[in-house]
Amino acid sequence: MPKVTLALGAGAAQKTGFAVPKTGFTRGRYDMSDAWVGDFDHTSSREAFEMRAAKGAAALGAIGAGADVPVAVILRNDLAQLEIMRAAALAGTVIVAQNWHAAADEVAAICDDSGAQFVIIHRDLIEAVRPALAGRTVIAVTPDAALCEAYGIDAAAAGSDPDTPEWDALVEAQQPIEAREMMRPLMRYTSGSTGKPKGVRRLGGGPRKDFEDVLRRIGTEMLQLKPGSRFFTAAPIYHSAPSTLTSAALVTPEVSTFVAPKFEPETFLATLQAQRITHIYLVPTMMSRMLKLPDAVKARYDLSSVEFCVSTGSPWPHDLKVAMIDWWGPVFWESYGATEIGFMTMVSSQDALAKPGTAGQMQMGGTVLILDPDGNELPTGQVGEIYARMDAFGGFDYSNDPESRRSAEKHGHFSVGDLGSVDADGFLFITDRKKDMIISGGANIFPAEIEAVLMRAPFIRDVAVFGAPHPEFGEQIVAALEPAEGWTPDTQEVLDFLDGKLARFKHPRIVDFHAALPREDSGKIFKPRLRAPYWEGAGRKI
């Protein structure tokens, strides 16, 4: 297979209006000559999709959720979520994407911080977060049969509720908008060392530009999409990377865009073959699960249509990368980025094999600095803190926290919280994370947030949360606890205490009990000493 190369330069982006092939609406059928959008249970032509999105934009405006208004979206992968993302883009609405696993307290905190008074949510999720919805305008999306089957949802329980309006009914009552607003990017929530979530408002600190132009550059330059490409992901699109890449596919002309409600290894392979998918977003956890399939199952599927597969968001062990290249061929690219800055680097299969461990070279005109603690630039090959600048994505602001934004910037570049070096060929290598963050299954998890909740437990005297290696998810959460006097350590009691306070993916997989947690002279818990036994022999530092 010939080497895939990136087409760099602003001239590679194509500008287009909304002209798409006239193919109508279908269910379960796909015309390979046309562009489609869907979740394989419900699939729409690009023309029909754009028409529905234009009506959805009118619906958002009619309820007061138009230009520059934040709207919280709590949805799983389906056609409705794609439609709402596109409707918001046309209306200029600011989507505040939230993890649908989140507990009520987490939903409320993000809604309050972002100012989101409108919430669009799958109907079966409402009850679990109802306290967070009080005083807000709630719009429901009834999960379809595919979602109910994938997640074991009781279709009857997820049925009609006369007190909560349905998105579909609001859309059908509108005429499509004739003029569109400037597209605003989604608002994402991350966290600093304090563990308090910070909302990242894209472009807040840079030039005002239509984000659709940025997405088209991502589609053509990073994803290498072209007319006839068929993009597919099963990663949850409430996460930053898959949502950005999916949005890029949605605005790239003559490209089909598909999402799956849930990842299942063999089903994923079957879909690649049946739908002749050309472009994919995967995370290492998904690759690990596919590699564990029996050889006879893996050999059953023809994957020759796949031209390009990109991964980002979590560490990709070199041995896992080699195994996937051996199986699928040199179609893999890895990207390194941050919610605040965007996608920074790319590395091809060939370069990854030639330079094991590299995160690649800066893309789209981006620049990187490796600085010492005093802010001085370090020579080639020396390890320091990574600072990057990506003008293609514009600037950003943190909601309600301008000081954090200012303190993380040096020489016009922003710290991504990692340590690394750049070699003589301009390839970036990441050696460690400065931020005390866990990346598990592609999700960023912040120990300080978990520690703050656990410290509320009357039976815990002190706690330290950190990441340990996991063969499938990259990292897993470990909670080291110092029990309060008189309490008999009980792991299940710890997990029960977290129920309803934190999403389950933030619950520790390992709970260790210590008579006394090790501390530095300053009194701070010495986490490296707790973390070290787990990472010995792991073959990597992060």
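So who's got an amide H within less than 5 Å of the one on Gly474, skipping anything under 5 residues away but keeping other chains? H placed 1.01 Å off N, in plane.
Placed amide hydrogens put Gly441 under 5 Å from Gly474.
What are the extents of the Cα atoms of segment 241-356 along their three principal axes, listed from largest to smallest and rounded to whole Å?
Here the Cα extents, ordered largest to smallest, are 42, 35, 22 Å.
Using alpha-carbon positions, what is the distance between the centroids of segment 360-417 and segment 261-324, in Å?
About 33 Å separates the Cα centre of segment 360-417 from the one of segment 261-324.
Binning every alpha carbon pair distance of segment 29-119 at 10 Å from zero, what are the percents per bin?
Distribution as computed: 17, 41, 30, 11, 2 percent.
Restricting attention to segment 471-530, which GluC sites (Glu not before Pro) occupy a DSSP loop and are surrounded by at most 14 other Cβ atoms within 10 Å?
Sparse-neighbourhood loop GluC sites (Glu not before Pro): Glu485, Glu520.
About its Cα centre, how strong a charge dipole does the chain have in debye, to the nearest 20, once Lys and Arg get +1 and Asp and Glu get -1 at the Cβ? Mind dumping the intermediate values first?
On the way: 54 positive and 69 negative charges, 181 e Å.
Result for the chain is approximately 860 debye, rounded to the nearest 20.
Could you please put Leu90, Leu303 in sequence from largest to smallest accessible area, using a 1.4 Å probe? Could you put the intermediate results ahead of the total?
Working: Leu90 5, Leu303 30 Å².
In descending accessible area the options line up as Leu303, Leu90.
Take every DSSP beta bridge whose two residues both sit in the chain, then give the antiparallel share in percent to the nearest 5.
Details: 53 of 88 bridges.
Among the beta bridges of the chain, antiparallel pairing accounts for roughly 60 percent.
Quick one: order His318, His279, His239 from most to least accessible surface, probe 1.4 Å. Don't skip to the answer; put the middle values down first.
On the way: His318 70, His279 5, His239 45 Å².
If we order His318, His279, His239 from most to least accessible, we get His318, His239, His279.
Could you check the simple spin-label distance between Ala354 and Asp105, using points 7 Å along Cα→Cβ, in nm with one decimal?
With each label placed 7 Å out from Cα toward Cβ, I get 5.1 nm.
Per DSSP H run of at least 4 residues, take -39500 (n - 2.57); add these up for the chain, divide by its residues and hand me the 222 nm value, nearest 500 deg cm²/dmol. Walk me through the numbers on the way to the answer.
On the way: 17 runs with 147 residues, N = 542.
Calculated mean residue ellipticity at 222 nm is -7500 deg cm²/dmol.
Counting Lys and Arg as +1 and Asp and Glu as -1, each charge on the Cβ, what is the dipole of segment 105-165 about the Cα centre in debye, to the nearest 20?
Values: 3 positive and 11 negative charges, 35 e Å.
Taking the Cα centre of segment 105-165 as origin, the dipole is about 160 debye.
For the chain, which whole-number percentage of the solvent-accessible area (1.4 Å probe, protein heavy atoms only) is attributable to carbon and sulfur atoms?
Numbers: 11480 of 22180 Å².
Carbon and sulfur: 52 percent of the exposed surface of the chain.
Given the Cα-Cα distance of Glu472 and Ala169 and 0.36 nm per residue of separation, how much length would full extension add, in nm?
Working: separation 303, 0.36 × 303 = 109.08 nm, distance 4.15 nm.
Computed gain between Glu472 and Ala169 is 104.9 nm.
If you average the C-alpha positions of segment 219-234 and of segment 47-91 separately, how far apart do those two centres end up, in angstrom?
22 Å
Please give, to one decimal in nm, the separation of the simple spin-label points placed at Asp154 and Phe526, each 7 Å out from Cα toward the Cβ.
That separation, rounded to one decimal, is 5.3 nm.
Which order do Lys321, Lys434 take when ranked by solvent-accessible area (1.4 Å probe, heavy atoms of all protein chains), largest first?
Details: Lys321 15, Lys434 125 Å².
Order by accessible area, largest first: Lys434, Lys321.
Under the rule of at least 5 residues apart or a separate chain, name every residue whose amide H is placed under 5 Å from the amide H of Leu225.
Result for Leu225 returns Thr220.
Grab every C-alpha pair in segment 296-340, bin the distances at 5 angstrom width from 0 up to the longest one, and report whole percents.
That works out to 5, 17, 26, 23, 15, 9, 3, 1, 0, in percent per bin.
Run through segment 26-115 and list the trypsin sites (Lys or Arg not before Pro) located in a DSSP loop whose Cβ has at most 16 other Cβ atoms within 10 Å. All intermediate terms of the calculation are to be shown ahead of the outcome.
Values: sites: Arg27, Arg29, Arg46, Arg52, Lys55, Arg76, Arg86; in loops: Arg27, Arg29, Arg76.
The qualifying sites are Arg27, Arg29.
Rounded to two decimal places and with Rh computed the Kirkwood way over Cα pairs, what is Rg over Rh for the chain?
Numbers: Rg = 23.1 Å, Rh = 24.3 Å.
Rg/Rh for the chain comes to 0.95.
Restricting to Cα pairs below 8 Å that are 6+ residues apart, what does the relative contact order work out to for segment 408-460? Please round to a whole percent. Each step should come with its number before you reach the end.
Details: 41 pairs, mean separation 10.3, N = 53.
Relative contact order comes out at 19 percent.
Per residue of segment 213-224, what does 6.51 cos²θ - 1.76 cosθ + 1.60 with θ = phi - 60° give for ³J(HN,Hα)? Whole Hz please, x for Gly and Pro, Karplus curve as stated.
Those phi angles translate into 5, 4, 5, 5, 5, 4, x, 7, 8, 8, 7, 6 Hz.
In whole angstrom, how long is each semi-axis of the equivalent ellipsoid of segment 344-464, when you take the square root of 5 times every eigenvalue of its Cα gyration tensor and sort them from largest down? Before the final figure, lay out each step's value.
Details: eigenvalues 181, 73, 43 Å².
Output for segment 344-464: semi-axes of 30, 19, 15 Å.
The values are calculated or read from the model by the stated rules, or taken from the named source; none is laboratory data. Please read these numbers as outputs of a predicted model, since none were measured by experiment. When we count neighbours, we look across all protein chains shown, and the Cβ atoms used for this are built from the backbone with ideal geometry, even at glycine. What goes into the accessible areas is simple: the full protein's heavy atoms, side chains included, and nothing from ligands, DNA or RNA. Shrake-Rupley method; radii C 1.70, N 1.55, O 1.52, S 1.80 Å.
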